[in-house]
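Heads up: the structure comes next, in structure tokens.
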Amino acid sequence: MPSRRRALLILVLLMLLSLLSLALALSAGTLSIAPTEILAALTGQETATRAIIIDLRLPRALAGFACGGLLALAGALMQVLLRNPLADPYVLGISGGAGVGALLAMLLGLSGGLLSGSAFIGALAAMLLVFGLARGDGSWTQTRLLLTGVVVAAGCGAVIALLLSIAPEQQLHGMLFWLMGDLSQSNAAAPVLILLALTLIAVLPFARELNLLTRGVDQAQALGVAVNRLRRLIYLVASLATAGAVTTAGSIGFVGLIVPHLVRLSIGNNMGSDHRLLLPATVLAGGSLLVLADTLARTLIAPTQLPVGVLTALIGVPVFLFLLGRGRA
């Protein structure tokens, strides 16, 4: 099968996987709901389970899909920006900044929109700090940006440990649960869905430039790419995508690291480096993965809910080791 046809087929399959994962999220739970009842509720008919579907499961599933898509998109962009296949959305300390903001809000007794706002402010502060320090004399390299991000992330980790050590015992469980990833409080999916759409729209017109940048800075500049402007765009979009996902769902690892690699592996070597297909395919795969992981997290030992970040790590570690072994072979 030609590479382009295979890539388009995989894109269609990922769309179907996204719909199936959302349908499974709506039907599975402590109370199983039949597909006919789900369809009736979504079309506006009054059913006994309509409140469960519309008010509880649908917002959570859509928020999970958007967060997974944002993390996967940010991971693909960070791997281009740093030209490092091990780069992920949290490598520049943005997750740590969001964690500091969220935990401070919890210590102050804030919740809901104020908690999300504090996490987002913390993420933006970390982003500006990393970018400002990395620029230094007005220019920066991938290595300088990466090292600055690692240092800022370590500093945020120290602050988080300090906040956890002084937190009252009654607040400690909620703080730890948030740090491990939690979609149970995601009652409004519209903001993060809009952010996902805007970030994808912002980067897709630069897909050709991203393709050239993966071949090297010198070659991209020789072919007319404004590399510095493109780097700033990638960093800004990846940072905002990570901040939005972490603000909504807490710290969820491995999605941004493994999903781009799996998509490239599925599409093939020729089309896998074409960001016109890679970016939307990565969004669909990342969203589906997080929705399925969250569904498993709330049904595995129901009614007890597990942190979704724990399950993504349990899935991500063996997949990453497989990819690593395959690359060595």
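The values are calculated or read from the model by the stated rules, or taken from the named source; none is laboratory data. Treat the numbers as computed from the prediction; the structure is a model and nothing was measured. Backbone-built Cβ (ideal geometry, glycine too); neighbour counts: all protein chains shown.
Key figures
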quantity	calculated
Residue match in region 256-269 (condition: surrounded by fewer than 21 Cβ atoms within 10 Å (Cβ to Cβ) and either closer than 18 Å to GLY181 by Cβ or among the hydrophobic types (A, V, I, L, M, F, W, C) (or both))	yes
Which numbered condition ALA207 misses (of (1) part of a loop (DSSP other than H, G, I, E, B); (2) farther than 28 Å from ALA153 by Cβ)	(1)
Cross-chain or 6+ apart pairs with Cβ under 6 Å, region 157-179 first and within 16 Å of VAL246 (Cβ to Cβ), then outside any helix (DSSP H, G or I)	MET175/ALA167; PHE177/PRO307; TRP178/GLY250; LEU179/SER251
Selection status of ALA207, modelled with pLDDT of 85 or more, touching a Leu at 6+ places or on another chain (Cβ under 9 Å) and over 19 Å from ALA285 (Cβ atoms)	no
Selected residue [among the aliphatic types (A, V, I, L, M), surrounded by 14 or more Cβ atoms within 10 Å (Cβ to Cβ) and out of contact with any strand residue (DSSP E or B) (no Cβ under 9 Å at 6 or more places or on another chain)] from LEU128, LEU162, LEU114, LEU110	LEU110
Top-ranked residue in region 173-204 [being among the β-branched types (Val, Ile, Thr) and either surrounded by 14 or more Cβ atoms within 10 Å (Cβ to Cβ) or outside any helix (DSSP H, G or I) (or both); ranked as farthest from the chain's Cα centre (by Cα)]	VAL203
Which numbered condition VAL192 misses (of (1) touching a Ser or Thr at 6+ places or on another chain (Cβ under 6 Å); (2) modelled with pLDDT under 85)	(2)
Close pairs (9 angstrom Cβ cut-off, 6 or more residues apart or separate chains): farther than 23 Å from ILE160 by Cβ in region 80-102, of a type in the set (Lys, Arg) anywhere	LEU81/ARG231
Residue that is surrounded by the fewest Cβ atoms within 10 Å (Cβ to Cβ), among those in region 38-54 that are within 19 Å of ALA302 (Cβ to Cβ) and free of Cβ contacts under 8 Å to residues at least 24 places away in the same chain	ALA51
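Yes/no per residue for (1) surrounded by fewer than 16 Cβ atoms within 10 Å (Cβ to Cβ); (2) out of contact with any helix residue (DSSP H, G or I) (no Cβ under 6 Å at 6 or more places or on another chain):
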{"residue": "GLN219", "(1), (2)": "yes, yes"}
{"residue": "VAL237", "(1), (2)": "no, no"}
{"residue": "ALA243", "(1), (2)": "no, no"}
{"residue": "PHE254", "(1), (2)": "no, no"}
{"residue": "PRO280", "(1), (2)": "no, yes"}
{"residue": "ALA297", "(1), (2)": "no, no"}
{"residue": "ALA313", "(1), (2)": "no, yes"}
